[in-house]
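What follows is a short report on a single structure.
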Amino acid sequence: MSNNQYVMILAVLIACSAFFSATETAFSSLNKIRLKFYANNGNKRAEKTLDITENFGKMLSTVLIGNNIVNVFSSSLAAAYCLNLFGDNGLFISTIAMTILVLIFGEIMPKTIAKKYPEKLAMAVTPVISIIITILRPISFIFEFMEKGLNKLFKDEDDDGNLPEEIITMVEEAQEDGDMDDREADLITNAIEFNDLDVREILTPRVDVIAIDVEMNLEEIDKVYRESGFSRIPCYEGNIDNIIGILHEKDFYQVYYKKKDTPIRKILGDVVYTSAHVKISALLHQLQSTKSHMAVVIDEYGGTAGIITMEDILEELVGEIYDEHDEIVEYYKKIDDHTYLVKGDLEVDELMEYFGIDDLDEEYEFNTTSAWVIHNLDKIPLKGDSFRFRNWVVTVTKADLKKVIEIMIVINDDEEKKD
């Protein structure tokens with residue numbers, strides 16, 4: 001065999017190695033959702049590619065068999081060629097040369113390209129790999145049988161996968177790559193996490209609930225509506241633990257302006273009760289079915305823990321919803337690059353997310369920054385009380401007898417670098 005024939009056959013074998021390497025990476029990295037989109041739009045090649053991905057084990061066995069065959073054959077051919085050309089040193093030279101050639105042209109380059117364009121490359125090689133799968137079927141059958149045996153032997157019953165987290169990761173990657181803007185990514189992430197949220201995480205707590213006593217006169221109720229700006233207000237009898245109905249602004253003012261002598265309890269709407277541990281997705285369905293916009297959250301003793309509205313639930317999907325009467329609260333105020341003022345009613349998860357902390361050593365059963373500060377100080381703090389958290393110095397700047405109203409966070413970057 002002439003030198004040119006040796007070189008030509010080696011080039012073909014390395015090209016085959018590149019084909020198998022690229023195919024393996026392309027099918028391992030492709031996005032099935034994107035392929036299904038192509039297939040639904042009439043792309044027949046995408047349909048055939050999806051068929052192959054449905055039996056990934058068969059395809060992988062074929063690719064590995066093919067790749068090993070061409071690599072062994074090319075190494076043997078190169079060794080024979082170099083022995084004839086360089087004598088006893090030929091084996092060493094062929095080993096070095098083939099290692100470099102196969103590594104660069106048979107592995108790194110094709111896998112890099114396949115990683116960048118997995119769907120396009122997978123669809124391009126589908127006709128060829130389909131034929132090779134058929135040809136090598138008898139050999140790959142043996143490896144598939146061995147694979148099934150190993151899967152049974154090392155079966156992990158606890159590994160059920162976590163599809164929601166996988167989708168969130170895909171959304172984050174699409175956001176980083178610029179394929180999806182921040183608003184779209186937030187909407188999808190919120191929708192996925194929606195089912196995991198409990199009522200207790202977003203309710204308006206009892207101490208912040210504005211309610212009216214059923215014994216109030218019309219002028220007093222009118223003042224509550226004007227000062228609060230709310231269209232629906234819970235109504236109680238005796239104390240706030242005994243909410244007997246929801247008073248709608250429209251119903252009230254029909255009585256108020258016509259000066260009718262109608263008892264308030266006659267125009268109250270029905271109350272929807274819920275628990276703090278109910279999922280907000282279930283509560284949303286309940287509110288829709290009862291045509292209600294507000295629910296009263298009861299605690300384990302039957303008292304009022306707070307209220308939650310339809311708007312509160314929807315804001316978990318689309319973000320804050322403001323109307324012309326809402327006061328926009330600034331939870332953070334940056335003093336300088338190292339100093340921030342933070343409101344005490346900010347959710348502690350949002351506080352940690354704002355400062356990029358996602359590896360807390362413990363999980364908290366409370367929601368607000370005020371509760372987090374009280375937990376760390378182990379008391380209801382006074383103005384000026386402080387504690388250290390990682391590389392922060394947290395100081396209470398405003399507080400009352402029940403809660404923390406505002407804190408100041410001073411960040412020591414040098415201390416973080418030492419840690």
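The values are calculated or read from the model by the stated rules, or taken from the named source; none is laboratory data. Computed from a predicted model, the values in this text were never measured in an experiment. Reconstructed Cβ throughout: ideal geometry from the backbone, glycine too, with neighbour counts over all protein chains shown. These area figures cover heavy atoms from the full protein model, side chains too; ligands, DNA and RNA do not enter into them. Shrake-Rupley method; radii C 1.70, N 1.55, O 1.52, S 1.80 Å.
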*asked:* Computing the accessible area with a 1.4 Å probe over protein heavy atoms, can you report the carbon and sulfur percentage for the chain?
replied: 54 percent
*Return the long-range amide H neighbours of GLY269 (sequence gap of 5 or more, or a different chain), with a cut-off of under 5 Å between placed amide H atoms.*
ILE246, LEU247, HIS248
*Mean separation of Cα pairs under 8 Å and 6+ residues apart, divided by the residue count of the chain: what relative contact order is that in percent?*
10 percent
*Arrange the peptides 20-26, 219-225 so that the one whose residues have, on average, the most other Cβ atoms within 10 Å appears first.*
20-26, 219-225
*In degrees, nearest 10, range 0 to 90: what is the angle between the Cα axis of helix 249-258 and the longest Cα principal axis of the chain?*
20 degrees
*Under a 1.4 angstrom probe, counting protein chains only, how are ASP261, ASP186 ranked by accessible area, largest first?*
ASP261, ASP186
*Can you tell me the 0 to 90 degree angle between the C-alpha axis of helix 3-29 and the longest principal axis of the chain, rounded to 10?*
20 degrees
*Given the Cα-Cα distance of SER76 and ASP88 and 0.36 nm per residue of separation, how much length would full extension add, in nm?*
2.8 nm
*Sites THR95 and THR290 - FRET efficiency at Förster radius 60 Å, r taken between beta-carbons, to 0.05*: 0.20
_Residue-by-residue Karplus 3J(HN,Hα) for the range 223-234, coefficients 6.51, -1.76, 1.60, Hz, glycine and proline x_ = 5, 4, 5, 5, 7, 8, x, 7, 9, 9, 9, x
*Under 26 Å from the Cα of LYS379, which lysines turn up, not counting those fewer than eight places away in the same chain?*
LYS333, LYS343, LYS398, LYS402, LYS403
*asked:* Just to confirm, what accessible area per residue do you get for the chain at 1.4 Å probe, in whole Å²?
replied: 63 Å²
*So for the range 1-42, Kirkwood radius off the Cα pairs, Stokes-Einstein at 20 °C and 1.002 mPa s: how many µm² s⁻¹?*
167 µm²/s
_Derived scalar couplings ³J(HN,Hα) [the range 88-101; Karplus, 6.51 cos²θ - 1.76 cosθ + 1.60; whole Hz; x for Gly, Pro]_ = 5, 7, x, 5, 5, 5, 5, 4, 4, 5, 5, 4, 5, 5
*Compute the length gained on full extension between ILE357 and ASN68: take 0.36 nm times their separation in residues and subtract their Cα-Cα distance, giving the result in nm to one decimal.*
99.4 nm
_Let me understand the chain better: what is its radius of gyration from the alpha carbons, and its Dmax, in angstrom?_
33.6, 116
*In nanometres, what is the gap between the two model label sites at LEU187 and GLU330, each 7 Å from Cα along Cα-to-Cβ?*
2.9 nm
*Where does each of 84-91, 346-353 land if you order them by average Cβ count within 10 Å, highest first?*
346-353, 84-91
*Fully extended contour minus Cα-Cα distance, from GLU215 to THR339, at 0.36 nm per residue*: 39.8 nm
